[in-house]
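Readers should treat all values here as calculations from the given coordinates under stated rules, not as data from a laboratory. Being a predicted model, the structure only gives us computed values, none of them experimental. Heads up, the Cβs are rebuilt from the backbone with ideal geometry, glycines too, and the neighbour counts pull from every protein chain shown.
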Amino acid sequence: MEVVCDSDGVNACPVGGVGVYNPGYWGMNIERGKSYKLVMYIRSLSSINMTVSLTGMQTLATTDIIATDVSNWKKMEVILEAKATDHNSRLELKSSRKGVIWFDQVSLVPMDTYEGHGYRNDLFKMVADLKPGYIRFPGGSFVTGNFLRNAYRWKDTVGPWEERPGHFGDVWSYWTDDGLGHFELLQLAEDLDASPIWVLNSGFSQEEAVDPSNITPFVQDALDGIEFARGDPNSTWGSVRADMGHAEPFNLKHIAIGNQDCGRGNYRANYLKFYVAIKKAYPDIKLISNCDGSNTQLDHPAEMYDYHVYENANTMFSMAHKFDHTSRIGPKAFVSEYAVTGKDAGSGSLLAALAEAGFLIGIEKNSDVVDMASNAPLFVNANDKRWMPDAIVFDSYRSYGTPSYWMQRFFSVSNGATLLVSTLQSNSSNSLMASAIRFHRFKPQSRKAGRI
């Protein structure tokens, strides 16, 4: 930031100074009585006298930063206490002193976050209310990128956040500073009392493929990532985790080898390289293949196989019977992505939720061959809907669950119940799905429940 005016004289700056501002993502939510931590790195060849403020229709919080020896990068931390509320605020950095100021890694975070780890309380309370059994991370296509140069690299996402290089997520066309990295996602699973499921890159991007003869660095990267999560705090990568404040290992027991890669020519050969190496070092880890084993047995070893389905409402409802005839021998299904999409779903509809509920009842009835399932995607900002529908919609200060979210809440209540044998008489098996369950934690006289 170059300030060409000065504090006085003929070239005096306007009252309050000049500078730069950042509104965050479609405005920042600043609330009266709450505190916000500002962290940034500053450098200047001269002394600094500047003001940092949170502003909306009025000034919500402000403080001064005065520093003399900042010829080298210096970390600054201040706490801003809001005196008023504005849901469309911005952070302003201003000065009335002539000169050049460089800023880097500017971060503003509420002091009050979910489990103290930076997440919005309202959003992750909604996630916690789903009682998730697992967190699949860091994503799907986000893992691979359109090109390998833009693929997610877990080693670039650990350590001090200000030292992380970030990368361009070219599949979804946005830059990420990777502040939400390998450590934070493992920690999130722990905070939610959920099992972490790491989706690793099996040597593919959307446009490129690594030959099995060259896959060794990717395999070693996976082993290092497991060591980061589970290794002794004195190990090479376990020590990095410990330095980040988590000496105890994370409970990483599931790994998906790739995302939607089964159709790629080298997938099975690459997969086996990962499988052999991981099983040798960590025999207890359950490995998940990208190949569909619902109709025919897999031709390679795996504990589970990943299954994705996005359909219209009628097709989704009919897929309640998808696993009725799946072999009871072999890997179990991991339905890691399912949703009704298109015009039946819109931005979230009751029709979509009912169709998905029918599908889930079918999965419950086949729980001997289907181990886990999750609706996708989970979140969307109301101002940037890259994909519809989504379970939770939010803006800077509000959030709501779509019908699909509330359908999942309904099913989460009965998670762990016993499925009872039941018979449904209907003129059409394609228009009605029902199940009967027994709740174990209720009194005997009120244990039985049904749903249609």
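Structural remarks
- For Kirkwood radius over Cα pairs in Å, the candidate list reads (i) 35.0; (ii) 25.5; (iii) 24.9; the entry that matches the value derived from this model is (iii).
- Theoretical FRET efficiency, 1/(1+(r/R0)^6), r = Cβ-Cβ of TRP26 and LYS253, R0 35 Å, to 0.05: 0.35
- Modelled spin-label separation between ASP368 and SER426, with each label point placed 7 Å from Cα along the Cα-to-Cβ direction: 2.2 nm.
- Between MET388 and LEU180, full extension at 0.36 nm per residue minus the direct alpha carbon distance yields a gain of 72.6 nm.
- In plain terms, the chain from HIS321 to LYS83 could stretch by 80.0 nm, reckoned as 0.36 nm per residue minus the Cα-Cα distance.
- Around ASN29: net Lys/Arg minus Asp/Glu count, Cβ-Cβ under 13 Å: 0
- Which listed pairs, of LYS253/LYS273; LYS131/LYS280; LYS131/LYS332; LYS34/LYS74, have C-alpha distances above 24 Å, in listed order: LYS131/LYS280; LYS34/LYS74
- Comparing SER347, VAL421, LEU60 along the charge dipole axis of the chain, the residue lying farthest to the positive side is VAL421, per the Cβ-charge model.
- Comparing Cα centroids, region 178-233 and region 1-53 end up 39 angstrom apart.
- Summing Cβ point charges (Lys, Arg +1; Asp, Glu -1) relative to the Cα centre of the chain gives a dipole of roughly 1280 debye.
- Farthest toward the positive end of the dipole of region 138-194, out of GLN187, LEU148, PRO165, is the Cα of LEU148, where the dipole comes from beta carbon charges about the Cα centre.
- Alpha carbon centroid spacing (whole Å) that separates region 303-317 from region 328-356: 6
- Measure of compaction for region 201-341 (Cα Rg per 2.2 N^0.38 Å): 1.20
- Note on region 157-261: along the principal axes its Cα atoms extend 38, 30, 26 Å, ordered by decreasing extent.
- Sequence of SER53, SER426 once ranked by neighbouring C-beta atoms within 10 Å, starting from the fewest: SER426, SER53
- Spin-label model, ASP64 to ASP221: label points 7 Å out along the Cα-to-beta-carbon direction sit 4.9 nm apart.
- Helix runs (DSSP H) in the chain reaching 15 Å along axis by Cα, Kyte-Doolittle at least 1.0: 350-365
- The chain - mean residue ellipticity at 222 nm from DSSP helices (-39,500 (n - 2.57) per run, n ≥ 4, rounded to 500): -6000 deg cm²/dmol
- Long-range tail of P(r) for region 69-112 (Cα pairs > 17 Å, %): 48
- Amide N of region 168-194 lying under 12 Å from the label point, which is placed 7 angstrom from the Cα of LEU123 along Cα→Cβ: 180
- A Förster radius of 35 Å combined with the Cβ-Cβ distance from TYR400 to VAL15 puts the calculated FRET efficiency at roughly 0.25.
- Ordered by the number of other Cβ atoms lying within 10 Å of each residue's own Cβ, fewest first, ASP191, ASP292, ASP211 fall into the sequence ASP211, ASP292, ASP191.
- Candidate aspartates and glutamates - alpha carbon under 19 Å from LYS125, same-chain residues fewer than 8 apart omitted: GLU31, ASP112, GLU115, GLU184, GLU190, ASP191, ASP193, ASP390, ASP395
- Divided by 2.2 N^0.38 Å, where N counts the residues, the Cα radius of gyration of region 2-110 comes to 1.07.
- Cross-link partners of LYS94 among aspartates and glutamates, defined as those whose alpha carbon lies under 14 angstrom from its own and excluding same-chain residues fewer than eight positions apart: GLU2, ASP6, ASP64.
- Anisotropy class of region 43-185 from Cα gyration tensor, a/c 1.5 cut: oblate
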